[in-house]
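Colleague: Okay, handing you the structure first.
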Amino acid sequence: MIRVNDVRTPVVLFASMTICYVVSGVLSAFTLDLVSSLVQILAYCILALLVSWLLLRYGNAGDDVISAIDGIADFLLATVSVIYNDASHVNI
């Protein structure tokens, strides 16, 4: 049985990485290459977190590191949830 907590972290990290990749491409199209490179570096860091989480989680090692990465994913999810909820209540 798959628990929500087991799936939430990789989904959040993969979605964050994908968003960074798309934003980097858009910035590059507008010739903002320096900012695009910084966003791309952020995407690579998120990819490193995702790979580390997968290797440690399914290798049954590094519980402290797994907890820290889960905390980062929870923070990202909570931040996006707050932004989405605030934006959905705006009446135009």
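Where a number appears in this text, it was derived from the coordinates with a stated rule and is not lab data. These numbers were taken from a predicted model, which means no experiment stands behind them.
Colleague: Between rounded, prolate and oblate, where does region 34-79 land on the alpha carbon gyration tensor, with a ≥ b ≥ c its root eigenvalues, rounded for a/c under 1.5, else prolate if a/b exceeds b/c?
Modeller: Oblate is the answer for region 34-79, as a/c is 1.5 or above yet b/c matches or exceeds a/b.
Colleague: Quick one: 3J(HN,Hα) in Hz for region 54-70, Karplus 6.51/-1.76/1.60 with θ = phi - 60°, rounded, Gly and Pro as x.
Modeller: With the stated coefficients, region 54-70 comes to 5, 5, 6, 5, 8, x, 6, 9, x, 4, 5, 5, 4, 5, 5, 5, 4 Hz.
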